[in-house]
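A.B. asks: Okay, handing you the structure first.
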Amino acid sequence: MKPQLPLRQIARNLRDHPSIRSKLDIAQSTATLGLTSESTGQPGDDCAVLPTQNGYDLFACEGFINAFVQADPWFAGWCGVMVNISDILSMGGRPKAVTNAIWAPSVEQANPVLAGMKAASQAYGVPIVGGHTNLHTDALQLSVSILGHANRVISSFAAKPGDVLICAVDLRGSYREPFDNWNAALTTPPQTLQATMEILPELAEAGLVHAGKDISQGGIVGTALMLAESSGVGIDIQVDALPRSKDVDLDRWLRTFPSFGFLISAPADDADNICAAFEARGVSAAVCGDIVLGNSVHLTSREGRALFWDYDRAPYLNLTPKEALHA
């Protein structure tokens, strides 16, 4: 490991990193579509939330960076299933079925992507039920969608000041170089993968977890920012308390996209039981911060406190209903 950068330098580097700034694109699309957090499906959560008579249907979709699909097509296919499953789990749901859309210049180039999807589908026990195929395009591209169901929902909009922030990450893996993807899935037996899929639904149904998000492409800091902005709170991340492999530099870890990673906001009295539920299935979990009044995400350590992002000055997802801005 290289010497750790000063906390303010880490915060500044993360603020300017492409994986964090790429989420700003969401605001451009939602503005054009006229969507806010109050629109049907509750945009801003990890899945669309659609109430039913016996709970909530959950629907999500992921598109993948072309360079990633072209550089590692089999793993891109695997990730197509894996990251969608994480979105369902993050909301307290259980995945039901996956579809895909693939574009490729030939069947030979499409096959590794589809093989990766098939392998993940079998490992997680979630069927692929159809999709769209075009084998006459000039580039390899992938998009994957998923349907799930939750009895009780974990939401991005329910974090409250006074809660603690819990980070849960499966550390049993390594980076899939050269990307910041921490892969703990390919080395985990299918029965273990499927057992970990029950943790969040069970915590939601027990009434222990109401608020949280899947750690996504923006890493821990980007995900914390989305959670903070959606809930209208501030978050202080205690970086020294994060579950982390001892071989990974802090600045990289804070922007890492893990194969199984979640941020949870919960009352302090429930934290031990929540962490124990993850640890019982081999997933590292720890209290790593606080939900506070405010509109900023800060990094904190023995070194001090550094501002990562103020979403009041620079909206991130920008899904707040416009009238609420002047309330």
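The values are calculated or read from the model by the stated rules, or taken from the named source; none is laboratory data. Note that the structure is predicted; figures quoted are calculated from it, not measured. Note that each Cβ is placed from the backbone with ideal geometry, even for glycine, and that neighbours are counted across all protein chains shown. Note: accessible area is taken over every heavy atom of the protein model, side chains too, but ligands, DNA and RNA are not part of it. Shrake-Rupley method; radii C 1.70, N 1.55, O 1.52, S 1.80 Å.
A.B. asks: For the range 252-274, give me the residue count where each residue is open to solvent by 20 Å² or more (accessible area, probe 1.4 Å) and out of contact with any Asp or Glu (no Cβ under 8 Å at 6 or more places or on another chain).
C.D. replies: Counting residues in the range 252-274 that are open to solvent by 20 Å² or more (accessible area, probe 1.4 Å) and out of contact with any Asp or Glu (no Cβ under 8 Å at 6 or more places or on another chain) gives 4.
A.B. asks: So, one more: Taking the range 163-178 only, how many residues are assigned to a loop (DSSP other than H, G, I, E, B) and open to solvent by 60 Å² or more (accessible area, probe 1.4 Å)?
C.D. replies: To start, the set of residues in the range 163-178 that are assigned to a loop (DSSP other than H, G, I, E, B) comprises 163, 170-173, 176-178.
Add one more test, that the residue is open to solvent by 60 Å² or more (accessible area, probe 1.4 Å), and what stays is 172, 176-178.
Number satisfying all stated conditions: 4.
A.B. asks: Provide a single number: the residues in the range 74-115 that are of a type in the set (Ser, Thr, Tyr) and assigned to a helix (DSSP H, G or I). Please lay out each step first, then the result.
C.D. replies: Of all residues in the range 74-115, those of a type in the set (Ser, Thr, Tyr) come to 86, 90, 99, 106.
From the residues that got through so far, the ones that are assigned to a helix (DSSP H, G or I) too are 86, 90.
Looking only at that region, the number is 2.
A.B. asks: Would you call residue 193 out of contact with any Asp or Glu (no Cβ under 8 Å at 6 or more places or on another chain) and either surrounded by 21 or more Cβ atoms within 10 Å (Cβ to Cβ) or under 22 Å from residue 72 (Cβ atoms) (or both)? Please lay out each step first, then the result.
C.D. replies: Values: out of contact with any Asp or Glu (no Cβ under 8 Å at 6 or more places or on another chain): yes; either surrounded by 21 or more Cβ atoms within 10 Å (Cβ to Cβ) or under 22 Å from residue 72 (Cβ atoms) (or both): yes.
Against the criterion (out of contact with any Asp or Glu (no Cβ under 8 Å at 6 or more places or on another chain) and either surrounded by 21 or more Cβ atoms within 10 Å (Cβ to Cβ) or under 22 Å from residue 72 (Cβ atoms) (or both)), residue 193 qualifies.
A.B. asks: Within the group 158, 123, which residue is part of a loop (DSSP other than H, G, I, E, B) and not basic (Lys, Arg)? Full working, then the answer.
C.D. replies: Values: 123 fails: part of a loop (DSSP other than H, G, I, E, B).
Every option except 158 fails the conditions.
A.B. asks: List every residue pair whose Cβ atoms lie under 6 Å apart, where the two residues are 6 or more positions apart in sequence or sit on different chains, the first residue falls within the range 295-317 and is on the phi > 0 side of the Ramachandran plot and of a type in the set (D, E, K, R), and the second residue, located anywhere, is in a loop (DSSP other than H, G, I, E, B) and open to solvent by 30 Å² or more (accessible area, probe 1.4 Å).
C.D. replies: Pairs that qualify, where the first residue is on the phi > 0 side of the Ramachandran plot and of a type in the set (D, E, K, R) and the partner is in a loop (DSSP other than H, G, I, E, B) and open to solvent by 30 Å² or more (accessible area, probe 1.4 Å): there are none.
A.B. asks: Would you be able to tell me the number of residues in the range 230-250 that are assigned to a helix (DSSP H, G or I) and either open to solvent by 20 Å² or more (accessible area, probe 1.4 Å) or among the small types (Gly, Ala, Ser) (or both)? Step through it out loud before you land on a result.
C.D. replies: Narrowing the range 230-250 to residues assigned to a helix (DSSP H, G or I): 230-231, 239-241, 250.
Narrowing the set further to residues that are either open to solvent by 20 Å² or more (accessible area, probe 1.4 Å) or among the small types (Gly, Ala, Ser) (or both) leaves 230-231, 240-241.
Qualifying residue count for the region: 4.
A.B. asks: Go over the candidates 223, 196, 192 one by one and state the one that is hydroxyl-bearing (Ser, Thr, Tyr), under 22 Å from residue 119 (Cα atoms) and modelled with pLDDT of 95 or more. So that I can check it myself, show each step before the final result.
C.D. replies: On the way: 223 fails: under 22 Å from residue 119 (Cα atoms); 192 fails: modelled with pLDDT of 95 or more.
Within the list 223, 196, 192, the selection yields 196.
A.B. asks: Starting from the range 267-291, take each residue that is within 9 Å of residue 164 (Cβ to Cβ) and list its partners that are surrounded by 13 or more Cβ atoms within 10 Å (Cβ to Cβ) and of a type in the set (Ser, Thr, Tyr), counting only C-beta distances under 7 angstrom and pairs at least six apart or across chains.
C.D. replies: Pairs that qualify, where the first residue is within 9 Å of residue 164 (Cβ to Cβ) and the partner is surrounded by 13 or more Cβ atoms within 10 Å (Cβ to Cβ) and of a type in the set (Ser, Thr, Tyr), are 291/265.
A.B. asks: Next question. So which residues in the range 208-221 are under 18 Å from residue 91 (Cβ atoms) and open to solvent by less than 10 Å² (accessible area, probe 1.4 Å)?
C.D. replies: Across the range 208-221, the qualifying residues are 209, 211, 212, 213, 214, 215, 218.
A.B. asks: Now a separate question. For the range 8-66, which residues satisfy the criterion of being of a type in the set (Asp, Glu) and either buried (at least 19 other Cβ atoms within 10 Å of the Cβ) or at pLDDT below 95 (or both)?
C.D. replies: First pass over the range 8-66, keeping only residues of a type in the set (Asp, Glu): 16, 25, 38, 45-46, 57, 62.
Selection gives 16, 25, 38, 45, 46, 62.
A.B. asks: Scan 71, 119, 139 and give me the residue that is over 30 Å from residue 206 (Cα atoms), open to solvent by 60 Å² or more (accessible area, probe 1.4 Å) and aliphatic (A, V, I, L, M). If you could, list the steps in order and put the result at the bottom.
C.D. replies: Working: 119 fails: open to solvent by 60 Å² or more (accessible area, probe 1.4 Å); 139 fails: open to solvent by 60 Å² or more (accessible area, probe 1.4 Å).
Result: 71 is the single residue among 71, 119, 139 that is over 30 Å from residue 206 (Cα atoms), open to solvent by 60 Å² or more (accessible area, probe 1.4 Å) and aliphatic (A, V, I, L, M).
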